[in-house]
Amino acid sequence: MSGNVRLYVEHSLGAGQSVTLSREQAHYLFGVMRKGVGTKVSLFNGQDGEWQAEVVEAGKRVGILTCRVQTRPVQMPPDLWLMFAPIKKARTDFIVEKAAEMGARRIVPVMTEFTNAGRIQRDRLQAHAIEAAEQCGGTFVPHVAEAIKFGALLDHWDVGRGIMFCDEALAGGSSSLPAVLAAPAAILIGPEGGFSPAERKRLGGLEAAQAVSLGPRILRADTAAVAALTLWQQALGDWDAA
Ligand code: SAH
């Protein structure tokens, strides 16, 4: 069984570099996966690409590896943010996981007027993003930002970053993406209750924001997030590696 284990570490990586695992990682690698000294593992830290490392010390709660060779350079996703109104816990987790897999650079929970989710646990969501990157072969982990209020988010908006405003009121309208939505860009997905009239007005007055349709059906917010990421990546992102 080759089953290559990939682990994210908060440690710089380079030839000969020694890396200490966290207790949880050591438990996973040696206790759960039953690996030991000599095992080759892939490590990445979001900056230095992917490295093949070898286990040189394996204990119940400690693990030390030595980096051997770089197996892949870091592959940054395009400068695309996913901004979404948090929904139920499991569905919010899903959105974060999919955004990491689909190649978003930053994930921003946005509290809109009709958002009725409770407090966001940023660390939990960040852990989901890391796990998704470990599993999808990513060399980059998107940063999950602290939740921010819709108004505060737009108060200091960088006009150079286009907003792909996924507007349920446009369902059935055009889903072609104007050039202003090329990177740097941000996708904006509303909550189950959609956007409020005041929020629509605010977005309507923002030059950077472009309302876009995601087809003729009203999608759940988690589906809409994946659809929007797909649409953007295909039209303006890194799917077409020409
Ligand atoms: N309750 C609202 C729907 C909200 S769907 C209503 O019935 O109108 C949740 C979010 O997903 C929306 O705010 C929007 O950002 C996105 N969305 C869902 N379907 C969409 C579509 N067909 N076009 C554009 N955005 C859509």
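The values are calculated or read from the model by the stated rules, or taken from the named source; none is laboratory data. Keep in mind the model is a prediction, meaning the values are calculated, not measured. Quick reminder, even Gly has a Cβ in these numbers, built from the backbone with ideal geometry, and neighbours come from all protein chains shown. Ligands, DNA and RNA are stripped out before the accessible areas are found, and what is left, the full protein with its side chains, is counted by its heavy atoms. Shrake-Rupley method; radii C 1.70, N 1.55, O 1.52, S 1.80 Å.
Let me know the number of lysine pairs in the chain closer than 22 Å at the Cα, not counting same-chain pairs under 8 apart. All intermediate terms of the calculation are to be shown ahead of the outcome.
Working: 35/60; 40/60; 88/98; 88/149; 89/98; 89/149; 149/201.
Count of close lysine pairs: 7.
Accessible area per residue of the chain at 1.4 Å probe, in Å²?
Numbers: 12160 Å² over 242 residues.
Each residue of the chain exposes 50 Å² on average to a 1.4 Å probe.
The angle between the Cα long axis of helix 221-236 and the main principal axis of the chain comes to about 80°, on a 0 to 90 degree scale. Taking all Cα pairs closer than 8 Å and separated by 6 or more residues, the relative contact order of the stretch 6-72 comes to 41 percent.
Which whole-number percent gives the relative contact order of the chain, counting Cα pairs below 8 Å spaced six or more residues apart?
Values: 500 pairs, mean separation 44.0, N = 242.
Once divided by the residue count of the chain, the mean separation gives 18 percent.
Label the chain by shape, choosing from rounded, prolate and oblate, from the square roots a ≥ b ≥ c of the eigenvalues of the Cα gyration tensor; if a/c is under 1.5 it is rounded, and otherwise prolate applies when a/b is larger than b/c, oblate when it is not.
Working: a/c = 2.61, a/b = 2.08, b/c = 1.26.
In terms of gyration-tensor shape, prolate.
Sorting 60, 89 by accessible area puts them as 60, 89; the probe is 1.4 Å, largest comes first, and only protein heavy atoms count. If the chain linking residue 148 and residue 15 were pulled fully straight, counting 0.36 nm for each residue of separation and taking away their Cα-Cα distance, it would gain 43.9 nm. Carbon and sulfur together cover what percent of the accessible area of the stretch 6-72 at a 1.4 Å probe radius? Solvent-exposed carbon and sulfur of the stretch 6-72 make up 47 percent of the total. Kindly list the residues of the stretch 49-78 that lie in the label zone of residue 40, defined by a backbone N under 14 Å from the point 7 Å along the Cα-to-C-beta vector. Within reach of a label on residue 40: 51-55, 66-72.
Look at where the Cα atoms of the stretch 149-168 and of the stretch 219-237 average out, and the two centres are 17 Å apart. Relative contact order for the stretch 161-203: 53 percent, from Cα pairs under 8 Å spaced at least 6 residues apart, divided by residue count.
What shape does the stretch 32-117 have by the C-alpha gyration tensor, where a ≥ b ≥ c are the square roots of the eigenvalues, rounded means a/c under 1.5, and otherwise prolate means a/b greater than b/c and oblate the rest? Could the numbers behind the result be given before it?
On the way: a/c = 4.18, a/b = 1.98, b/c = 2.11.
It is oblate, given that a/c is not under 1.5 and a/b is not larger than b/c.
Measuring nothing but protein heavy atoms, the accessible surface of the stretch 80-236 at 1.4 Å probe radius is 52 percent carbon and sulfur.
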